[in-house]
Amino acid sequence: MPFNEPQNLGDVRELLQGKDIPAPDNAALQAVIASHGRDRILAHLKTLYMGGQDEARAAREKLNTLLGGHGTDQYAPRTQKSRGQSMNDSATPDARETGKAPFEFGLKAKVFGGKGAVSFEEDTRRDSIATISIQGAKAIEARNYDWKNKIAVQLTPNELATVSAVILGVLGECEFKSHGVNKDKGFYLARQDKGFFIKVFSSDGLVAVPITHEDAFQVGRVCMAQLKKAMPEDGLSGGELIALLKATIGAKG
């Protein structure tokens, strides 16, 4: 099966079972994620499906270790028959059976406008480096947005640093293009008197949304958290990162 980023715990279980890795139930899986981190689990899953043979083997071993199953009956993948039995026994069904138990972890900040909405979400690159994705959805009607046809852009490390600099007031604006398979996606972020302005665009259109100062705080929280995760060995504090942004990216004016 191909790798698609999981949207809920059922998706995670399916990815694990697709590679014959014993998967715990939803409660135990959520505990593992809370303990070891979403980025770490996602990175290993991506490598398992998309890495080379040696990388995939190492990812399998890591996941088995993190899940703590090691092939025991307690964590054995459930067959379709056992799923039915567990439901009849009033046991908690997994997310695939109920549509519930969402993949409830991960930093994100959403901003809403009259014509669209933009979400800033923690993400992990194929090289396992932490970053964020910026996703824009057009408004269908009031408080209803077309997320199924969203425009999504995953930031490079330098882009994440630059976006962080804009949110922190170190830089006035930034624009990046040539994202996506067809090199037709991008975004523009600017600081304004009453807050910020974000525009996410592709050849299919654009989504533009104002960002209040209050919402910008939430966006900055996601950016800074991911910026620190991307450099785990550096040991830089938040203040040191801000000072570094001012001394480097801030020099661009």
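The values are calculated or read from the model by the stated rules, or taken from the named source; none is laboratory data. Because the structure is a prediction, the values reported are computed rather than measured. Heads up, the Cβs are rebuilt from the backbone with ideal geometry, glycines too, and the neighbour counts pull from every protein chain shown.
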Query raised in the report: Does the stretch 29-55 hold any residues that are among the small types (Gly, Ala, Ser) and under 21 Å from the mean Cα position of the chain (by Cα), and which are they?
Result: 31, 34, 35, 37, 43, 51
Query raised in the report: Applying the selection to the stretch 213-236, what residues are closer than 19 Å to residue 169 by Cβ and in contact (Cβ under 8 Å) with a residue 60 or more places away in the chain?
Result: 215, 218, 219, 221, 222, 223, 224, 225, 226, 227
**Report entry** Test set (1) within 17 Å of residue 108 (Cα to Cα); (2) in contact with a strand residue (DSSP E or B) (Cβ under 9 Å, 6 or more places away or on another chain) - residue 164 fails condition number
**Finding:** (2)
Query - Residue that is surrounded by 18 or more Cβ atoms within 10 Å (Cβ to Cβ), within 23 Å of the chain's Cα centre (by Cα) and of a type in the set (Gly, Ala, Ser), where the choices are 186, 235 - result: 186
Requested in this report: Please verify whether the stretch 93-107 includes one or more residues that are buried (at least 18 other Cβ atoms within 10 Å of the Cβ), modelled with pLDDT of 50 or more and under 16 Å from the mean Cα position of the chain (by Cα).
Outcome: yes
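Yes/no per residue for (1) under 23 Å from residue 250 (Cβ atoms); (2) at pLDDT below 95; (3) not acidic (Asp, Glu):
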site: 186; (1), (2), (3): yes, no, yes
site: 192; (1), (2), (3): yes, yes, yes
site: 198; (1), (2), (3): yes, no, yes
site: 201; (1), (2), (3): no, no, yes
site: 209; (1), (2), (3): no, no, yes
site: 221; (1), (2), (3): yes, yes, yes
Query raised in the report: What helices (runs of 4 or more DSSP H) completely inside the stretch 4-73 contain at least 2 residues that are over 23 Å from residue 226 (Cβ atoms)?
Result: 9-18, 26-36, 53-67
Report summary line: How many residues of the stretch 1-22 are small (Gly, Ala, Ser) and within 17 Å of residue 56 (Cβ to Cβ)? The answer is 1
Report task. Would you check which residues across the stretch 199-228 are surrounded by 15 or more Cβ atoms within 10 Å (Cβ to Cβ) and not in a helix (DSSP H, G or I) and list them? Result -> 199, 200, 201, 202, 206, 207, 208, 209, 210, 211
Report task. Sort out which residues of the stretch 119-141 are of a type in the set (Val, Ile, Thr), in contact with a helix residue (DSSP H, G or I) (Cβ under 9 Å, 6 or more places away or on another chain) and assigned to a strand (DSSP E or B), and write them in order of number. Result -> 124, 131, 132, 134
Requested in this report: Only residues in the stretch 24-52 that are touching a residue at least 60 places away in the same chain (Cβ under 8 Å) count as the first member; pair them with residues that are among the basic types (Lys, Arg), Cβ under 8 angstrom, at least 6 apart or cross-chain, and list the lot.
Outcome: 26/13; 39/229; 46/126; 50/126
Report summary line: Scanning the stretch 126-142 residue by residue, those closer than 20 Å to residue 219 by Cα and either of a type in the set (Lys, Arg) or loosely packed, with under 11 Cβ neighbours inside 10 Å (or both) turn out to be 138
Query raised in the report: Of the residues that sit in the stretch 108-122 and are within 17 Å of residue 167 (Cβ to Cβ) and in contact (Cβ under 8 Å) with a residue 12 or more places away in the chain, which one is surrounded by the fewest Cβ atoms within 10 Å (Cβ to Cβ)?
Result: 108
